[in-house]
Amino acid sequence: MNPVYLDNNATTRVDLMMPFFTEQFGNPSSIHAFGASVGAAVRTARGQLQQLLGAAHDHEIIYTSGGTEANNTAILSALESMPDREEIVTSKVEHPAVLALCQHLEKIGRAKVHYIGVDSMGRLDIEAYRAALSEKTAVVSLMWANNETGTIFPIEGLADLAKEKGALFHTDAVQAVGKTPVSLKDSSIDMLSLSGHKLHAPKGIGALYVKRGVRFKPLLRGGHQERGRRAGTENAPAIIALGKAAELALTHMQDEQTRVKAMRDRLEKALLQAIPNCFVNGDIYDRLPNTCNIAFEYVEGEAILLHLNRAGIAASSGSACTSGSLEPSHVLRAMNIPFTAAHGSIRFSFSRDNVDADVDSVVETLPAIMEKLRQLSPFWPGAQQKQAEFKPVYA
Ligand SMILES: Cc1ncc(COP(=O)(O)O)c(C=O)c1O
């Protein structure tokens, strides 16, 4: 069986890395020919990103080391440039690249943070959001699309509401950019984060969009790179690959919306039919076209992943696996997914590299794995039935 990679929300295959590691090694800031050609390629990449984001100017794009740096920069910049406001509004389902910073800012007494909840489909509680916004809000930071469930927040409308209170609006669009159309020119979005490795560019490169006219304070100070907004010699090879990836993402956007979505839907339907006691996590009406998160009740997600991996299939678990903790993910907890289902939640995330045969492999493999695991699970009602039938004979 060919290996099947269905973990594209974690990272994607790199499209191309160009000759900028070898022959074209100049510093993009240098005046001589070695640097000038690289400088020109870095400028081209900025234009390619501008196109993908539908931004008004290429100078609205600042290269960063990834989504995490872009998120940190946006929130810290907003707090510093709005000294008379000390509140942040965010949600309970953000990526740790936002949540951990907000928790830290609260802990050191730098900001008061409102964490807005979601419903069982992962949709933001709009009334609670409206209620949290005030003249004290310095910045709102809400994700465009959720990395675990693919649920899309109505981000432009949420930005309009923030504007009414004079707050800055930032969106972590790391999972949205390249998968769903983005047009920033006429929106109320002040800042947007993206990450290269989610759209077939390398890891360790990303960007922060800052609308022209929005007050900005750099996170990294030093040289004059990025017009003084992000010091440090540019990661030129990665930037150039990011530009090319942005261009390709635009070309393939339609494919993502149709072919990739059709594969995702076929997988989801087939699994829901073949396997009892499972359901979809997330907003089935407004989701990224590539993401499918299914809760399989009464099984351990980690066990499913191990068996899938043995069969050559890479997916990812909705539960906190990095810490080795048994706590289900904060996203599924915020959605009030029952413990027995959150633990067995698996995310399958597609990219344009996937083919129909990948779906066939999962559909052929997973039902048998589930059957086996459930027989071993003490929580599976079938197992309880068996236990009840089992009458111990005491001597
Ligand atoms: C929604 C979201 N935000 C931020 C990040 C962090 O991006 P990076 O890995 O580029 O720092 C990720 C990565 O998984 C993500 O999914």
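A few comments on the model shown:
- When all alpha carbon pairs of the stretch 12-155 are counted in 10 Å bins from zero, the resulting P(r) reads 10, 29, 29, 19, 11, 2 %.
- Of the peptides 350-358, 45-53, the order by per-residue mean of other Cβ atoms within 10 Å, starting with the highest, comes out as 45-53, 350-358.
- Computed about its Cα centre, the charge dipole of the chain is approximately 560 debye, with only Lys, Arg, Asp and Glu carrying charge at their Cβ.
- Compared with the direct C-alpha span, the chain from D160 to N2 gains 52.2 nm at full extension, assuming 0.36 nm per residue.
- Rounded tilt (10° steps) of 96-107 against the dominant C-alpha axis of the chain: 80
- Each pair of Cα atoms in the stretch 83-219 enters the Kirkwood radius, and Stokes-Einstein at 20 °C and 1.002 mPa s then converts it into a translational diffusion coefficient of 140 µm²/s.
- Centroid-to-centroid separation of the stretch 31-58 and the stretch 116-186 [C-alpha atoms, Å]: 29
- Beyond 20 Å, the tail of the calculated P(r) for the stretch 219-349 holds 59 percent of the Cα pairs.
- Charge dipole of the chain about the Cα centre (unit charges at C-beta), most positive-ward option of Q257, S29, Q103: S29
- Efficiency of FRET between D186 and Q51 - r from beta-carbon atoms, R0 25 angstrom, step 0.05: 0.95
- Exposure proxy ranking, count of Cβ atoms within 10 Å, fewest first, for L76, L194, L199, L272: L272, L76, L199, L194
- Computed extension gain for T44 through H32, at 0.36 nm per residue and net of the alpha carbon distance, reaches 2.5 nm.
- Here the Kirkwood formula, the inverse mean of 1/r across different C-alpha pairs, assigns the chain a hydrodynamic radius of 22.3 Å.
- Sorting 121-127, 251-257, 288-294, 94-100 by their mean Cβ neighbour count within 10 Å, with the most densely packed peptide first, gives 288-294, 94-100, 121-127, 251-257.
- Percent breakdown of C-alpha pair distances by 10 Å bin, ordered from the shortest bin, for the stretch 1-83: 13, 29, 35, 18, 5, 0
- Charge dipole (the stretch 194-291, unit charges on Cβ, about Cα centre) - positive-most of L220, N277, G196: L220
- When each of the peptides 59-66, 24-31, 258-265 is scored by how many other beta carbons lie within 10 Å of its residues on average, the order from highest to lowest is 59-66, 258-265, 24-31.
- Ascending count of other beta-carbon atoms within 10 Å, so fewest first, for T22, T171: T22, T171
- Taken about its Cα centre, the stretch 89-135 carries a charge dipole of roughly 160 debye when the Cβ of each Lys and Arg holds +1 and the Cβ of each Asp and Glu holds -1.
- The Cα atoms of the stretch 261-321 cover 30, 25, 23 Å along the three principal axes, with the biggest extent listed first.
- Antiparallel bridge percentage (DSSP; both residues within the chain; nearest 5): 55
- Entry note, the chain: the mean residue ellipticity at 222 nm calculated from DSSP H runs of n ≥ 4, each adding -39500 (n - 2.57), is -11500 deg cm²/dmol after division by the residues and rounding to the nearest 500.
- Compactness of the stretch 124-175 as Cα Rg over 2.2 N^0.38 Å, two decimals: 1.11
- Anisotropy class of the stretch 158-242 from Cα gyration tensor, a/c 1.5 cut: oblate
- Added length on full extension, which subtracts the Cα-Cα distance from 0.36 nm per residue, L250 to K217: 8.8 nm
- Helix 301-310 vs. the chain, principal-axis angle (Cα, 0 to 90°, nearest 10): 90
- Inter-part distance where the stretch 269-321 and the stretch 218-243 are each reduced to a Cα centre, Å: 38
- Taking the C-alpha atoms only, the angle from helix 356-376 to the longest principal axis of the chain is near 50 degrees.
Throughout, read-outs are computed from the coordinates displayed, never taken from laboratory work. Computed from a prediction, not measured in an experiment: that's the story for all the values here. Ideal geometry is used to build each Cβ from the backbone, glycine not excepted, and the neighbour counts take in all protein chains shown.
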